[in-house]
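For reference, the structure is listed below as structure tokens.
The values are calculated or read from the model by the stated rules, or taken from the named source; none is laboratory data. Quick caveat: nothing in here was measured; it's all calculated off a predicted structure. Ideal geometry is used to build each Cβ from the backbone, glycine not excepted, and the neighbour counts take in all protein chains shown.
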Amino acid sequence: MTKEEIKKELRQRLRDTYALELEDAGPVELFYSLGGLVKAVSNEKWQKTWKNYLTEGQKQVYYFSIEFLPGKLLKSNLLNLGILDEVRTTLADINVDLEELANVEKDMALGNGGLGRLASCFMDSIASCGLPGNGNGIRYDYGLFKQQFMDGYQVELPDEWLKRGNVWEIRRESKACDVHLFGNVYMKRLANGKLEPVEENQTTVRAVPYDTGMIGYQNGIVNTMRLWSVEIPVSEEAKYHNLGERRTIEDLTAVLYPDDSQESGRLVRLAQEYFFVSAGIQSIIRYYKKLNLPWHSLSEKIAIHINDTHPAMCVPELMRVLMDENGLNWEFAWDITVKVLSYTNHTIMAEALEKWPVYLMKRVVPRIYQIIEEIDRRYVMSMQGIHPQDLIQRTRLLQNDQIYMAHLAIIGSHSTNGVAKIHSDLLKTIVLHDFYVVYPERFNNKTNGIAERRWMQLANEPLSDVMDELITDSWRKAPQNLKLLMNYQNDEIALKKLREAKLVKKEELASYILETTGIQVSPNAIFDVQIKRLHAYKRQLMNLLHILKLYFDIKDNPEIDLTPRVFIFGAKAAPSYSYAKSIIKVINEAADMINNDASLQDKIKVVFLPNYNVSLAEKIIPAADVSEQISLASKEASGTSNMKLMLNGAVTIATLDGANIEIKDAVGDDNIYIFGLTEKEVYNYYENQDYSSQKIYDEDEELQRILDAFIDGTIPNIEFEGQEIYDSLLKFNDEYFLLRDFHDYARAQEQIDHDYKDAVLWQKKSLANIANAGGFSADETVKAYAEDIWQIEPIFAHTEKEGTTNG
Ligand code: F58
């Protein structure tokens, strides 16, 4: 599009929608008009893409995820359509700043953290690699809560992201379908002797899809992310004249659950899981039927991915649709189901592995429960004589009146993968070892990846420009080419350029910190960043223990030679996770104490930025010097902020956990700071049960002083929280071994303090991190999924093979 065409289109849209001239429009009107224009450009490609898939009979994957975290889409869509620069300069001609328009857009925050963001990075990469793949999820009316701090406490406010409407989505009324919940079911014997399920007294809700185009990077491909919203079917309207009853239905897709620990919400959460699974499966089968192919070809045309266990009801739902609605027998339906489905596990934490009480499942989805029972019965039967009884009992779906959703996903699919090498190994050797014995061929690893386009090209333009200058812009299409940067390791001019690019982003972040918190920080200090959900295993608390160590060090010796450092946190705690909320409170109070103590001479500052989300990550990550990846070894499945920070030249301080291990292998020992227990040592402690935090404390004066600060009034205003944390570390024996890892962590931090003083040395380390981040591109990850698990091909490869030319 030329500049003139862009202006003309904008003028027209402003007149048509707002009765405004370009010169009179404000950022909101401009954003929506520009969004509409972008959508119109991409719609043409979108239509072509799906028609192409249909006529070519392409096998497609459907990525089922209860969370998607796309963030803002305007700039990413412009970039992927290849018109970012044109639009930016056109707007500049009329004195409009694209950044200001982009800020009008609300983050689409339909997820909690890594799991949801991974789903969105995958959507970007799947489209960018020309792969036929679609998302399937829930269109929550309210996304993840907005976080504010009051007196240092986390306060949760509703996220009204749809208030001004969502410019990207298309409501597809004609693709709506009915989902049935509750009621009861019994088996009726037909005249031919066969049994048929009869369902009664059900509640029927309407699932209406809202589709958003997932635009590939400058390749003409636009895939679909389909999010379902609940409505009352027209035929049922009369039943719901009572407003209260209406609300119970409409609330089904009202909010994203930050966790499932509150009983009151659990029924709704289960209904949500079934709702988007059932709607998704029904729409896929409806599509497949249009192809007029026999059922046994289903797995040649369709792959369905279960992202964590939340969509695990795909297994019984696909069985139900094939058997009850299309008359297939059990064996045939089962064979198809296992071939079509695949599953990713994202955690080894027992409390996070979903289990649903039988009574709840029976109540919410009685027919699904019946099918689950039958899967369990047949599984147990088929294993008799092959595996020992105790193994069979441990692996079955139904145990202690609960349904083990991971077991359902593993038994009902052909592939189970972990998200980093160590995590996949732990699944095989420990967490899911029994299943590995039963189905060794089903287990595989797919290390997570990130969309470099968003995390470098969009988030960090100064660095992107330096890269173009040094290694040409080929890395933009092929992130592997970042490797070429290694040629500049000893080039002082290149190192200086990289340093200057980092400084620009640090200055921007410093301004943002001042604006939002009133805290003044120096861009010359080390920016040390820990950004992730607040969870005990991620050990934000250990970071604080080290900050307190430095605090006491400076107090004891005001002349101490410390490199000034700003510790930056970003994290939301699940509203019902009170321990995590206490950690937020103590960090905020310690921050207040430190930031207002002039005797520290600004040697350390602590900033907890509120409302961590994708947009805030885009501000923090490019400005980071140090990346904190300090989870207890074995607990973090992979991590992805570690990859984003590395890509932006931050140097990692890490335990040997998750993808940190692969990052270490990629950058080499000199360019990462490793400390702490290994996963084997952690498991040894579990086995021998000989960990005593009290013993460590009793023998360690420094730790005594730091821990006592939580209860002796040193950190003010934390009577309750301080005691809770103190007790967790001593009375309850320090579940995540903070005291055990503390000194090694402090040692690694001291090394960072020392190395950062040598600007050239530090910049070389930073360069090695950028150069080796290409291996963590989500493009590579989804290509591996496509080849090994989904068996789908890029549209280009497919059309070439068939001898056609439409790409
Ligand atoms: C995360 N899981 C893992 N779960 O913790 C992280 O290591 C990994 O990199 C990432 O998945 C992607 O594989 C995660 O984000 C959740 O947010 C849960 C969702 C359901 C409610 C409880 C939190």
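Assorted remarks:
- Test: Val208 is in contact (Cβ under 8 Å) with a residue 12 or more places away in the chain and in a strand (DSSP E or B): yes
The rows are residues; the columns are (1) assigned to a loop (DSSP other than H, G, I, E, B); (2) within 30 Å of Tyr140 (Cβ to Cβ).
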| site | (1), (2) |
| --- | --- |
| Arg15 | no, no |
| Glu29 | no, yes |
| Ala40 | no, yes |
| Lys75 | no, yes |
| Asn80 | no, yes |
| Glu86 | no, no |
| Asn103 | no, yes |
| Asn112 | yes, yes |
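- Gly385 without any contact (Cβ under 8 Å) to a residue 60 or more places away in the chain and away from the ligand (no atom under 16 Å from the Cβ): yes
- Residue satisfying all of: in the range 301-316; under 13 Å from Val338 (Cα atoms) and not in a loop (DSSP other than H, G, I, E, B); farthest from the ligand (Cβ to nearest atom) among these: Ile302
Residue-by-condition table, conditions (1) surrounded by fewer than 16 Cβ atoms within 10 Å (Cβ to Cβ); (2) without any contact (Cβ under 8 Å) to a residue 40 or more places away in the chain; (3) part of a loop (DSSP other than H, G, I, E, B); (4) not assigned by TED's automatic domain parsing to the domain that holds Thr309:
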residue	(1), (2), (3), (4)
Ser120	no, no, no, no
Met123	no, no, no, no
Tyr140	no, no, yes, no
Gln148	yes, no, no, no
Trp161	no, no, yes, no
Ser174	yes, yes, no, no
Val179	no, no, no, no
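- Meets criteria (modelled with pLDDT of 95 or more, touching a strand residue (DSSP E or B) at 6+ places or on another chain (Cβ under 9 Å) and either closer than 18 Å to Ala580 by Cα or not in a helix (DSSP H, G or I) (or both)) for Ile792: yes
- Meets criteria (surrounded by 10 or more Cβ atoms within 10 Å (Cβ to Cβ) and either free of Cβ contacts under 8 Å to residues at least 40 places away in the same chain or in a helix (DSSP H, G or I) (or both)) for Ser235: yes
- Qualifying residue in the range 205-220 (condition: modelled with pLDDT of 95 or more, over 27 Å from the mean Cα position of the chain (by Cα) and outside the structural domain of Leu81 (by TED's automatic domain parsing)): yes
- Scan of the range 131-180 for residues that are closer than 30 Å to Ile583 by Cα and of a type in the set (Ser, Thr, Tyr), ordered by number: Tyr140, Tyr142, Tyr153
- In summary, Ser638 fulfils each of the numbered conditions (1) polar (S, T, N, Q); (2) within 16 Å of the ligand (Cβ to nearest atom); (3) in a helix (DSSP H, G or I) with the single exception of condition (3).
- Of all the residues in the range 534-571, those that are under 24 Å from Gln723 (Cβ atoms) and either among the aromatic types (Phe, Trp, Tyr) or within 16 Å of the ligand (Cβ to nearest atom) (or both) number 12.
- The residue that is farthest from Leu360 (Cα to Cα), among those in the range 388-419 that are within 16 Å of the ligand (Cβ to nearest atom), in contact with a strand residue (DSSP E or B) (Cβ under 7 Å, 6 or more places away or on another chain) and hydrophobic (A, V, I, L, M, F, W, C), is Val419.
- Residue, farthest from the ligand (Cβ to nearest atom), within the range 99-131, restricted to residues that are over 19 Å from the mean Cα position of the chain (by Cα) and farther than 22 Å from Lys163 by Cα: Gly130
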